[in-house]
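The values are calculated or read from the model by the stated rules, or taken from the named source; none is laboratory data. Remember, predicted model here, so these are calculated numbers, not experimental data. We place every Cβ from the backbone using ideal geometry, glycine too, and count neighbours over all the protein chains shown. The area values use the complete protein model at the heavy-atom level, side chains included, leaving out ligands, DNA and RNA. Shrake-Rupley method; radii C 1.70, N 1.55, O 1.52, S 1.80 Å.
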Amino acid sequence: MKIVSIIGARPQFIKVAPIARILRDEKNVINGVKMSHKIIHTGQHYDYFMNKVFFDQLDIPVPDVNLEVGSGPHAVQTGNILQKVEGCLIEDEPNLVIVYGDTNSTLAGALAAAKLHIPVAHVESGLRSYNRRMPEEINRILTDHCSDILCVPTVNAFRILKKEGFDNFLFDGNLAPDPDEKWGPLPEHFPVGINVGDMMYDAVRLSMEVAEQKSRIMQKLKLEPQGYFLATLHRAENTDDHKRLREIVHAFREISLLKPVIFPAHPRTQKMLKTLDLDLSGSNIHLMEPVGYFDMLILLRNAWKLLTDSGGMQKEAYFLNVPCITLRDETEWVETLQDGKNVLVGSDSARIISETKKPSLRHENIDTDNPFGDGRSASRFLKLIAEMEGLLCAHQGR
Ligand code: UD1
Ligand code: UDP
């Protein structure tokens, strides 16, 4: 069975890692089915700390192809990926294409495959912010609606898809049984949905121990546990809206009077800060290049609080029991809002500042009753596609 993963942006490298790891450990044989796994990198992200560092740290195989599309406006970037991916897929003739998350690489990969009648699996399906001004929201909706296997990370994502008319869900949208158990007969038509849990939770569980051994970031930045705020920012709605960006930076300046703000900034944000002449020098904000995954896990685990507009980091804060302040007006990761573990504050300075002043409440261990599964999402996913091998191959000839 020939599988192709299409990835291109930072969070997608993290999401593919658990799948690549299991395939390597199992010598590409899952439930008796031989699988080959090819990685197509679209080249959407390309700087070392946005790209290669994740391959090195997470032991992800070097991509078989890099399409080197680089940056550009949405239509240009999406169109270039679409065009280039199509050529690769025609040549490779895979039995399944896997796409991850909600970036332009996700949509272009899914669309190219669907038009070639190659079955598509969407990892992180069913997410909605209900804000159609987010490019990611458009990518999510369209990708879900042209995919054949909809892998939702939570029960909430299952409910969202059900409302949109998907009715062929395994195990009634509940987390699929343990991958070592027998699953019983599977449905015979597509699209099919399954709740496998969240791949990013797998990734955190796989990486935390080695991050602790390898990361020196606390020593390098001379940080004490819980002695700083951690901040990340990259959403177009914040960086490209000058008023919002100024408000957020003003809030960072104010809260840095309480504790330093460690701010590994996405290149898009760095560029916008320069364009707007928003100079952070002289404040207690430590603006720096993006960091690798291991350093990020350690910075996050030891932070007093996280301020972010990142989807992935809202979840990681939840996994690591770190209070999260989300610099957005809505979130697709509504599970993280439970018990105030994550609070939506938008970009209003006063709201951001007031939230940072509240106590930093650490919550119970989430291992029991975790809405994101049990850290075995990749195993469930691979088991499903192994069991559906025959159906996938037949489906291709539709
Ligand atoms: C993209 C995704 C977003 C995801 C984010 C993860 C889309 C529409 N957006 O946003 O959903 O949360 O990735 O990080 O797909 N740049 C560099 N070096 C790089 C990459 C980018 O300098 O290696 C700069 C370029 O100026 C580029 C800008 O960042 O124009 C934005 O990059 P792009 O990939 O278009 O969008 P992201 O903001 O990264
Ligand atoms: N991340 C990282 N270094 C950074 C910023 C983020 O390793 O400097 C990781 C973070 O831990 C998470 C992922 O990148 O796993 C999130 O990516 P991003 O915020 O770019 O995208 P989103 O999740 O919002 O799509």
Quiz item: All but one of (1) out of contact with any Pro (no Cβ under 6 Å at 6 or more places or on another chain); (2) assigned to a helix (DSSP H, G or I); (3) open to solvent by less than 10 Å² (accessible area, probe 1.4 Å) hold for GLY346; which doesn't?
Solution: (2)
Self-check item: All positions within region 22-52 that are closer than 20 Å to LEU206 by Cα, open to solvent by 50 Å² or more (accessible area, probe 1.4 Å) and over 17 Å from the mean Cα position of the chain (by Cα)
Solution: ARG24, ASP25, GLU26, LYS27
Quiz item: Quick check: is even one residue across region 137-150 open to solvent by 30 Å² or more (accessible area, probe 1.4 Å), more than 25 Å from THR78 (Cβ to Cβ) and not polar (S, T, N, Q)?
Solution: no
Quiz item: When both residues are 6+ apart or on different chains and their Cβ atoms are under 7 Å apart, which pairs have a first residue that lies in region 183-208 and is open to solvent by 10 Å² or more (accessible area, probe 1.4 Å), and a second that is away from ligand 2 (no atom under 16 Å from the Cβ) and aromatic (Phe, Trp, Tyr)?
Solution: PRO191/PHE166
Quiz prompt | Selection from region 301-324 of residues that are in contact with a strand residue (DSSP E or B) (Cβ under 9 Å, 6 or more places away or on another chain) and over 21 Å from LEU127 (Cβ atoms) | solution = ASN302, ALA303, TRP304, LYS305, LEU307, VAL322, PRO323
Practice problem: Kindly indicate the residue of region 53-87 that is of a type in the set (Val, Ile, Thr) and closer than 25 Å to LYS115 by Cα and also surrounded by the fewest Cβ atoms within 10 Å (Cβ to Cβ) among those meeting that condition. | Solution: VAL76
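Would you mention how many residues in region 232-255 are of a type in the set (Lys, Arg), closer than 16 Å to SER310 by Cα and away from ligand 1 (no atom under 13 Å from the Cβ)?
Let us first name the residues in region 232-255 that are of a type in the set (Lys, Arg), namely 235, 243-244, 246, 253.
Checking the rest, the ones that are also closer than 16 Å to SER310 by Cα come to 235, 244.
Applying the additional criterion that residues be away from ligand 1 (no atom under 13 Å from the Cβ) yields 244.
Going through region 232-255 one residue at a time, the tally reaches 1.
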Practice problem: Kindly indicate which of ILE217, ILE248 is open to solvent by less than 50 Å² (accessible area, probe 1.4 Å), within 27 Å of PRO18 (Cβ to Cβ) and either touching a Lys or Arg at 6+ places or on another chain (Cβ under 9 Å) or not basic (Lys, Arg) (or both). | Solution: ILE217
Exercise. Kindly establish whether HIS145 is more than 30 Å from LEU257 (Cα to Cα), out of contact with any helix residue (DSSP H, G or I) (no Cβ under 7 Å at 6 or more places or on another chain) and modelled with pLDDT under 95.
Key: no
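Is it fair to say PHE158 is in contact with a helix residue (DSSP H, G or I) (Cβ under 9 Å, 6 or more places away or on another chain), open to solvent by less than 20 Å² (accessible area, probe 1.4 Å), closer than 23 Å to HIS266 by Cα and not charged (D, E, K, R)? Walk me through how you get there before you give the answer.
Values: in contact with a helix residue (DSSP H, G or I) (Cβ under 9 Å, 6 or more places away or on another chain): yes; open to solvent by less than 20 Å² (accessible area, probe 1.4 Å): yes; closer than 23 Å to HIS266 by Cα: no; not charged (D, E, K, R): yes.
Answer is no for this residue.
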Quiz item: Do we have any residue at all in region 62-75 that's acidic (Asp, Glu), at pLDDT 95 or above and within 12 Å of ligand 2 (Cβ to nearest atom)?
Solution: no
Self-check item: Sole exception among (1) open to solvent by less than 20 Å² (accessible area, probe 1.4 Å); (2) near ligand 2 (Cβ under 10 Å from one of its atoms); (3) part of a loop (DSSP other than H, G, I, E, B) for HIS234, by number
Solution: (1)
Exercise. Please state which of the following conditions LEU307 fails to meet, knowing it meets all the rest: (1) open to solvent by less than 30 Å² (accessible area, probe 1.4 Å); (2) under 19 Å from ILE14 (Cβ atoms); (3) within 16 Å of ligand 2 (Cβ to nearest atom).
Key: (2)
Quiz prompt | Out of VAL85, VAL62, VAL69, sole residue that is away from ligand 1 (no atom under 12 Å from the Cβ), of a type in the set (A, V, I, L, M, F, W, C), over 18 Å from ILE385 (Cβ atoms) and touching a Gly at 6+ places or on another chain (Cβ under 9 Å) | solution = VAL85
Quiz item: Which residue pairs have Cβ atoms closer than 6 Å, lie 6 or more positions apart in sequence or on different chains, and pair a first residue in region 319-342 that is of a type in the set (Lys, Arg) with a second residue that is buried (at least 22 other Cβ atoms within 10 Å of the Cβ)?
Solution: ARG328/ASP309; LYS341/TYR318
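Residues are listed down the side, and each one gets a yes or a no for (1) surrounded by 23 or more Cβ atoms within 10 Å (Cβ to Cβ); (2) under 17 Å from the mean Cα position of the chain (by Cα); (3) within 15 Å of ligand 1 (Cβ to nearest atom):
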residue	(1), (2), (3)
LEU257	no, no, no
ILE285	no, no, no
TYR318	yes, yes, no
TRP333	yes, yes, yes
ASP339	no, no, no
Quiz item: ASP167: away from ligand 1 (no atom under 16 Å from the Cβ), surrounded by fewer than 15 Cβ atoms within 10 Å (Cβ to Cβ) and of a type outside the set (Ser, Thr, Tyr), yes or no?
Solution: yes
Quiz item: Taking only pairs six or more apart or across chains, which ones have beta-carbon atoms under 6 Å, a first residue in region 287-298 that is closer than 15 Å to LEU206 by Cα, and a second residue that is more than 8 Å from ligand 2 (Cβ to nearest atom) and part of a loop (DSSP other than H, G, I, E, B)?
Solution: PHE294/SER215; ASP295/SER215; ILE298/SER215
Quiz item: Given the structure, is ASN131 within 16 Å of ligand 2 (Cβ to nearest atom) and either farther than 25 Å from VAL196 by Cα or basic (Lys, Arg) (or both)?
Solution: yes
